Every structure is written in C-alpha cells, then in structure tokens.
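Novice: Encoded as structure tokens, here's the structure I'll be asking about.
Just so you know, all these numbers are worked out from the coordinates, no wet-lab data involved. For clarity, every value in this text was computed on a predicted model and none was experimentally measured. Neighbour counts run over all protein chains shown; Cβ positions are idealised from the backbone, glycine included.
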Amino acid sequence: DAKTTQPNSMESNEEEPVHLPCNHSTISGTDYIHWYRQLPSQGPEYVIHGLTSNVNNRMASLAIAEDRKSSTLILHRATLRDAAVYYCILREGRDDKIIFGKGTRLHILP
Amino acid sequence: DAGITQSPRHKVTETGTPVTLRCHQTENHRYMYWYRQDPGHGLRLIHYSYGVKDTDKGEVSDGYSVSRSKTEDFLLTLESATSSQTSVYFCAISLSKSAVSEQFFGPGTRLTVL
C-alpha cells in the first residue's frame, strides 16, 4: 500500500493560515490524495481530496506538487475548532478501503 | 451530518462475555465499515460490508464477526471479549466503492474489557 509521511504535531496561532505537509513519494498514477481530520472525541470527517490539480472547498485547500510526491493541506484562517488530528491518505482509484496513518496533531494557540 | 448512530456509546464488560455493537444509518448507503482505534495505531479496518448479507474481513478481523441483515444496520460482535479488544470502535458508511467517495463516520463506541 502506498504510504504517507506527516509530522507528528504542529502548532499554529489562531486566525493565521496553517500549512500541513504530507509526503507520498511512492504514489502511483491512480492514487487519490485524501485528507480527513478527527476532532477530539469524535469520528474522522472528510476534508478534501484531489488527484493532480489543486482543489478548494469550504473547509480547506489542497495543493499538490507537480510530481505528486507531496501535498499540502491549507487552512486559510485557523480557529480553535480546527484543533484536531489531520490524516493524509492515499486511495487507489478502484479501492474503497481507507488506511489511516498516525496523522498530524494540530494545536491552535489562542 | 450523515445520519449514523452507534450504540451503545460506552460499554464496560468482563473478559469472556459476548458483546454486540450496533451501527445504524438513515442514509441508505450500501457500503459500511467497522474500524477500531487504539493509541499509536490510528484507525484499523475490522470488517466491511458491500450490502445485505455481503461482508468481508479487514485488516484486524480476528475475534470479531459481523452481520448485516438490513441495509441500515451493521452489527459487530465480539464472541468472547478479551482485554486486547478494549478500544474505541467507529462505524463508517459510504455511497459508493470508488476511491473518490467520502466515508462518513459515526460518533464511536468506547469499549472497555476488564
């Protein structure tokens, strides 16, 4: 299975942008890059996904490197409610399984 | 929010007793999944279902069985609970099998086996 590498933890100040990195050097051409997050005492929730192009939605933006070996989840203006564990996941095009790594624990400082 | 409920939300039981966890959805999604989450391991897939009476094993299925007799319900059974099955259990649903399909997760069940 394709694997991802994320920092264990990051800190950011409230109301500032946050850039969460993810390395996936062994990504294959059919792997989609997904991000989920897990707020304290809750189940994971979908954030965003992409294949080759950068993507934006109401929660975040996803910037994908041209060689697709890395990506960055961007929270444009962090709030205290964004404190969570963020998981970067690769999903093969025809596979529904999600393999969760340990993710990045994001701390937001007031 | 997706209509997913899990019951019970918390349970304490003793080693050797049977335990059944229930996942109920109101979204009519065909695909359902059971995960467990332990410190240092992230979420791991236990069993999954592609429809009524269509189930299969995931990464950590030993000691667990599942049943799906109705689209809306997916049951996870620990036939004889062990302390190693102390964990938080999450149910998830998905509309399709595609890798672009979002999985929606329930609130979780915290199970403690003494």
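Novice: What are the residues whose amide H is under 5 Å from the amide H of B:SER98, where those residues sit 5 or more places off or on another chain and H is modelled from the backbone?
Specialist: Amide H neighbours of B:SER98, under 5 Å, 5+ apart: none.
Novice: If I histogram all Cα-Cα distances within chain B using bins 10 Å wide from 0, what percent of pairs lands in each bin?
Specialist: That works out to 15, 51, 29, 5, 0, in percent per bin.
Novice: Okay, next question. Taking only the Cα atoms of segment A:34-81, how large is their convex hull per residue, in Å³?
Specialist: Working: hull volume 3.9 nm³, N = 48.
Dividing the Cα hull volume of segment A:34-81 by its residue count gives 80 Å³.
Novice: Let me make sure I get this right: for the protein assembly as shown, a, b and c are the square roots of the gyration tensor eigenvalues over alpha carbons, sorted descending. Under 1.5 in a/c it's rounded, otherwise prolate if a/b > b/c, else oblate. Which is it? Present the calculation step by step, with values, prior to reporting the outcome.
Specialist: Working: a/c = 1.96, a/b = 1.54, b/c = 1.28.
It is prolate, given that a/c is not under 1.5 and a/b is the larger ratio.
Novice: Segment A:31-110 to segment B:1-69: how many Å between their Cα centroids?
Specialist: Centre-to-centre (Cα) distance: 24 Å.
Novice: Between A:HIS107 and A:ASN23, take the C-beta separation as r, use R0 = 25 Å, and let me know the FRET efficiency to the nearest 0.05.
Specialist: Details: r = 21 Å, r/R0 = 0.84.
Approximately 0.75, to the nearest 0.05.
Novice: Another question about this same structure. Which peptide among B:10-20, B:101-111 comes first, and what is the full order, when sorted by highest mean count of other Cβ atoms within 10 Å?
Specialist: B:101-111, B:10-20
Novice: Got a sec? Which residues in segment A:57-96 would a label at B:SER96 touch, if it sits 7 Å along Cα→Cβ and we count backbone N under 20 Å?
Specialist: From segment A:57-96, the list is A:57, A:90-96.
Novice: In nm, give the distance between the simple-model label positions of A:GLU14 and B:SER7, each being 7 Å from the Cα along the Cα-to-Cβ direction.
Specialist: For A:GLU14 paired with B:SER7, the spin-label model returns 3.8 nm.
Novice: Counting partner chain Cβ atoms within 10 Å of every residue's Cβ in B:102-110, what's the average?
Specialist: 4
Novice: So what J values fall out for segment B:90-104 if you push phi through Karplus, 6.51 cos²θ - 1.76 cosθ + 1.60 with θ = phi - 60°, rounded to Hz, Gly and Pro as x?
Specialist: 10, 9, 9, 10, 8, 6, 9, 8, 5, 5, 8, 7, 6, 9, 9
Novice: Need one number: the % of Cα-Cα pairs in segment A:57-110 sitting beyond the 16 Å mark.
Specialist: 56 percent
Novice: Shielding of B:37-48 by partners, i.e. mean partner chain Cβ atoms within 10 Å per residue?
Specialist: Details: counts 4, 0, 1, 1, 3, 9, 10, 2, 4, 0, 0, 2.
Per residue, the average neighbour count from other chains is 3.
Novice: Right, here's the next one. From the mean inverse distance of alpha carbon pairs (Kirkwood) and the Cα radius of gyration, derive Rg over Rh for chain A.
Specialist: Taking Rh as the inverse mean 1/r over Cα pairs, Rg/Rh reads 0.95.
Novice: What's the average, rounded to a whole number, of partner chain beta-carbon atoms within 10 Å of each residue's beta-carbon in A:41-49?
Specialist: That average works out to 6.
Novice: Sequence-distant or interchain residues sharing an amide H contact under 5 Å with B:TYR31, placed H: which?
Specialist: Correct list: B:SER94.
Novice: Ok, one more. Tell me the label-point distance for the pair A:THR5, B:TYR50, using the 7 Å Cα-to-Cβ offset, in nm and rounded to one decimal.
Specialist: 3.5 nm
Novice: Through the Karplus equation 6.51 cos²θ - 1.76 cosθ + 1.60, θ set to phi - 60°, convert the phi angles of segment A:37-51 into ³J(HN,Hα) values in whole Hz; use x for Gly and Pro.
Specialist: For segment A:37-51, the Karplus-derived couplings read 9, 10, 6, x, 6, 10, x, x, 9, 5, 10, 6, 8, x, 10 Hz, x marking Gly and Pro.
Novice: Where nothing but the Cβ of Lys and Arg (+1) and of Asp and Glu (-1) is charged, how large is the charge dipole of chain A around its Cα centre, in debye to the nearest 20?
Specialist: 160 debye
Novice: Rounded to the nearest 0.05, what FRET efficiency do A:GLN42 and B:ASN28 have when you use their Cβ-Cβ distance and R0 = 25 Å?
Specialist: Working: r = 23 Å, r/R0 = 0.93.
Efficiency computed from Cβ-Cβ geometry: 0.60.
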